[in-house]
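Just so it is clear, none of the values below were taken in a lab; they were calculated from the coordinates. A quick note: this is a predicted structure, and the numbers were derived from the prediction, not measured. Heads up, the Cβs are rebuilt from the backbone with ideal geometry, glycines too, and the neighbour counts pull from every protein chain shown.
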Amino acid sequence: MNDLLYVNGGNPLNGTITVRGAKNFVSKSMVASLLGETPSVLRNVPQIRDVKVVSGLLDLHGVNVKYDTDAGILDLDPSNVESAHVADIDAHAGSSRIPILFCGPLLHRLGEAFIPDLGGCRIGDRPIDYHLDILRQFGAVVDKRPNGIHLRAPRRLHGAKISLPYPSVGATEQTLLTAVRADGITELSGAAIEPEIMDLIAVLQKMGAIISVDTDRVIRIEGVDRLEGYTHTALNDRIETASWAAAALATGGDITVKGATQPEMMTFLNTFRKVGGRFEVQDDGIRFWHAGGDLKSIVLETDVHPGFMTDWQQPLVVALTQATGLSIVHETVYENRFGFTDALRKMGATIQVYKECLGGRDCRFGQRNFHHSAVVSGPTPLTAADIEVPDLRGGFSHLIAALAAKGRSTVRGIGLIDRGYENFQDKLEALGAEVVRG
Ligand code: EPU
């Protein structure tokens, strides 16, 4: 596949596109199928590379995976789960962080698991210390070797009282996927409560798990001896929705996102309105448009749910380059998520990054040498450039910038965007963009 996209920018994006299941839920829900004694069916599954990667990993472990791409239906049959060869798992290394979430289910089913060097977006160190601590607390033996991490469960894993130092999405999912089959009760405090996690809890409940979400980020799980398969329709992708909304704003366009739902988008919608965007919630989607006139600068801080998602930050920053005045953006989830602004500067944006916590409270990255605050001064017209995609969301942001910039841009490394944006080239064309794969 060609990894280069020529973009003739400077025109508003107008029209309607559809989003399907959330990348950051679908992959976890696919892993959950490993816990069932019977097959599972997942609906509303988008055709993105992460689904292929997780299907490949499940297949290696003996799960029979059938994917009807048009209907978006995945059939997952875990009747013959087996240990995969380390070399085969390793072949998937570098492409995803999902292997770490296989550990709990595999330890229950097979008594062992292996984690290769993990991939995923380069947006910070992305350590796995919380995951390994959690698995140890359930009774797993963790052995770090040169080729990866080997885990064993000498006996049935047992419930634990776990407290997360930070409400990590992955660590919360790790706890859920391990606790549901562990012996006894697990209490997790400091849990992440993102909508994708709530949907995973819904899946696990359908499978027979007993999970209660209490106040103040506490989740209690009563382990059970057996889980069945599930049938579930994935919640839609709120990151993709916000990405298209930001594209409407940055290009002065009007985009209706079918499948977008208001409850998961509330925090984004508030910010979108403050910047000067308009939206209309419809029965089957949300319409986002630029109301004309000046966009307004804002002070923005990313946070865990129900705060403003870190994954919404990058696309919105492109729109902020077109807002009048100084916008301040404080990234508190990842220490290194402003690398993508280099390309925006090259295209004419005025963006300065700072190590200090600007615009609000101090976060855990203050005083630690990370450029995690940005000041965007606008409006600045963007000009076409030759740019390279740095990571998934940063890459989509580059695309938005190229679409907003007058002239022909070359966006390289476009394959990364396939990881999380279904048929994005078709969608761009449907919105009137002039794009050609090189
Ligand atoms: N962290 C640790 N140690 C750990 C795990 C996390 O220090 O063991 C730190 C991370 O370094 C980060 C913070 O905790 O600073 C939050 O990370 P989290 O664990 O919440 O992120 P994740 O589970 O690895 C998922 C999504 C990300 C999304 C974040 C936050 C998936 C596959 N990925 O990552 O999505 O940004 O939650 O919502 O679900 C994307 O879709 O482009 C993406 C990066």
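If R0 equals 25 Å, the separation of the Cβ atoms of THR38 and ASN423 corresponds to a calculated FRET efficiency of about 0.20. Dividing the summed helix terms, -39500 (n - 2.57) for each DSSP H run of n ≥ 4, by the number of residues in the chain produces a 222 nm estimate of -9000 deg cm²/dmol to the nearest 500. In the chain, a dipole from Cβ-located charges (positive for Lys and Arg, negative for Asp and Glu) runs towards its positive end, and of GLN205, GLN282, ALA248 it is ALA248 whose Cα lies farthest in that direction.
Using Cβ contacts closer than 10 Å as the measure, can you line up MET309, MET30, MET266, MET198 from fewest to most?
The fewest-first ordering by Cβ neighbours comes to MET266, MET198, MET309, MET30.
Among the trypsin sites (Lys or Arg not before Pro) in segment 192-283, which ones are in a DSSP loop with at most 15 other Cβ atoms within 10 Å of the Cβ? Mind listing them?
ARG226
Ordering GLY366, ALA191, VAL86 by the projection of their Cα atoms onto the charge dipole of the chain, which places +1 on the Cβ of Lys and Arg and -1 on the Cβ of Asp and Glu, puts GLY366 at the extreme positive end. Taking other C-beta atoms within 10 Å as the exposure proxy, VAL86, VAL26 rank VAL86, VAL26 from fewest upward. Relative contact order, whole percent, for the chain stands at 21, derived from Cα pairs under 8 Å and 6 or more residues apart.
Partner lysines whose Cα lies under 22 Å from the Cα of LYS23, excluding those fewer than 8 positions away in the same chain, are identified as LYS52, LYS66, LYS206, LYS258, LYS427.
Ranking LEU101, LEU13, VAL63 by Cα position along the charge dipole of the chain, where only Lys, Arg, Asp and Glu carry charges on their C-beta atoms, puts LEU13 farthest toward the positive end. Give me the net charge of GLU434's neighbourhood, meaning all other residues with Cβ under 15 Å from the Cβ of GLU434; Lys, Arg count +1, Asp, Glu -1. Once positives and negatives cancel, what remains is +2. Listed by chain and number, the aspartates and glutamates whose C-alpha is less than 12 Å from the C-alpha of LYS28, apart from same-chain residues fewer than 8 away, are ASP50, GLU173, GLU196, ASP199. Between GLN47 and LEU326, the modelled label-to-label distance comes to 4.8 nm, taking each label 7 Å out from Cα in the direction of the beta carbon. Each of LYS355 and LYS296 was given a label point 7 Å from its Cα along the Cα-to-Cβ line. The distance between the two points is 3.5 nm. This model, with +1 at the C-beta of Lys and Arg and -1 at the C-beta of Asp and Glu, gives the chain a dipole about its Cα centre of some 720 debye.
When DSSP beta bridges are restricted to pairs lying wholly in the chain, around 75% turn out antiparallel. Shape class for segment 164-208: oblate, because the ratio a/c of the largest to smallest gyration tensor axis (alpha-carbon atoms, square roots of eigenvalues) is 1.5 or more and b/c is at least a/b. Quote the FRET efficiency, to the nearest 0.05, computed for SER83 versus THR215 with a Förster distance R0 of 41 Å and r equal to the Cβ-Cβ distance. Between SER83 and THR215 the formula returns 0.50.
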